[in-house]
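Below you'll find the structure, written out as structure tokens, and then a few comments.
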Amino acid sequence: MWYEAEEGLQETYERHFTEVFFRLHGQPTALAKGKTLLSYAASISTMVAAMFLKQQRMAVTLVEPCFDNLHDVLANAGVPLYPIDESALTDPDMIYSELRRRVRTDALFLVDPGNPTGYSLLAHGRKGFEEVVRFCRDHDKLLIIDFCFAAFTLSDSTLTRFDVYELLEGSGVTYIAIEDTGKTWPVQDAKCAMITVSDDIREAVYNIHTSVLLNVSPFVLNMLTQYIKDSIDDDFRSIRDVLMRNRETARSALDGSILHYQEPVVPVSVAWFRIDHPELTASELQSDLLGEGVYVLPGRYFFWSQPSRGDSFIRIALARDPKMFATAMTRLRRVLDRHGR
């Protein structure tokens with residue numbers, strides 16, 4: 001692959017990569033439009049979006065909970081931020097009115113599926129997305145969606161990721177969509193992120209993007225293309241099976257403890273647990289677990305506007321070697337049992 005990349009053209013590897021990526025995801029419109037820009041990390045694509053928001057002097061309503069990196073990138077770029085709770089998106093018949101009531105900014109930034117909760121508008125089929133898009137179009141809001149966990153919809157036969165770019169393009173809404181390989185194929189941090197935008201802001205975003213970087217390594221693109229092809233060939237089994245096994249290990253090991261599993265809409269690569277204890281906080285539990293060689297993320301990092309709301313939640317990463325993960329869950333249960341029920 002190294003020598004292939006040396007001898008080939010950058011444009012060839014970019015085209016091959018986007019072809020297999022959007023084919024896996026069932027997004028023919030994104031592929032046909034041919035306007036997706038590549039970067040070497042989702043945080044870079046988010047930074048490009050943040051620079052555009054700052055340039056346009058836009059304030060943003062950002063979903064909560066979400067991974068703290070999103071808040072940090074936007075805040076460090078000087079973008080004014082306001083929270084909207086994920087619960088505003090759970091009833092498709094109320095989404096439009098909830099957004100109209102809560103969103104007072106120039107842009108709305110959602111994460112779908114959610115990190116850490118695994119919630120998705122796909123719980124309502126197309127309707128949830130259609131209502132969000134309708135609101136943003138009617139009220140002239142820029143819609144930004146982080147789709148970095150979207151590949152995990154392929155793990156659940158009850159979910160169908162329809163051609164969301166067809167909806168975005170056909171609606172006339174102004175949008176920025178971010179995708180990534182890093183959450184799905186964690187190949188020693190060799191990854192590629194994508195940013196696709198509506199035509200009305202394409203030139204401005206393109207100019208910002210090219211000021212940040214010109215291209216992603218053709219070797220990385222070639223390698224990731226082969227990984228994605230493998231996932232297409234095995235129907236995502238190599239990734240899905242590890243996550244399913246570790247999810248079941250965690251649920252079984254922690255059943256009856258003070259940790260309560262929060263069922264996701266999409267089986268993403270993390271598990272979200274609520275702590276049912278009158279005094280124990282997530283940060284205290286994290287500290288206890290570090291002494292046992294186990295690392296979890298306390299929920300306060302995900303509730304960026306009110307960190308205390310996350311004190312009763314932890315996130316456990318599932319994309320780990322199953323044998324090592326099982327040992328970690330045994331240690332976690334031992335620590336939990338010391339705290340009682």
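Read the figures in this text as sums done on the coordinates, not as results from a lab. Computed from a predicted structure; not experimentally measured. A quick note on method: Cβ atoms are made from the backbone with ideal geometry, for glycine too, and the neighbour counts reach across all protein chains shown.
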For a label point 7 Å from the Cα of Arg104 along Cα→C-beta, name the residues of the stretch 43-83 whose backbone N is under 19 Å from it.
57-64, 79-83
Using only the Cα atoms of the stretch 237-338, what do you get for the radius of gyration and for Dmax, in Å?
13.1, 41
Please arrange Ser252, Ser45 by how many other C-beta atoms lie within 10 Å of their C-beta, fewest to most.
Ser252, Ser45
Quick one: compute the contact order of the chain, relative version, from alpha carbon pairs under 8 angstrom and 6+ residues apart, as a percent.
20
Total charge dipole magnitude, the chain, about the Cα centre, Cβ charges on Lys, Arg, Asp, Glu only, Debye to nearest 20:
640
Starting from the Cα of Arg309, step 7 Å toward the Cβ, then list every residue of the stretch 88-112 with an amide N under 19 Å from that point.
88-92, 94-112
Can you tell me which of 221-234, 139-152, 91-104 comes out highest on packing, and rank the rest after it, using the mean Cβ neighbours within 10 Å?
139-152, 221-234, 91-104
Add -39500 (n - 2.57) for each DSSP H run of 4 or more in the chain, then divide by its residues: what number comes out at 222 nm, to the nearest 500 deg cm²/dmol?
-14000 deg cm²/dmol
Place the peptides 164-173, 189-198 in order of packing, highest mean first, counting for every residue the other Cβ atoms within 10 Å and averaging per peptide.
189-198, 164-173
Against the 2.2 N^0.38 Å rule of thumb, the C-alpha Rg of the stretch 189-251 sits at a ratio of 1.63
The FRET efficiency for Leu213 and Asp255, from their Cβ-Cβ distance with R0 = 51 Å and rounded to 0.05, is 0.65
Cα convex hull volume per residue for the chain (Å³):
138
Taking the simple approach of a point 7 Å from Cα along Cα-to-Cβ for both Arg202 and Tyr295, what is their distance in nm?
4.1
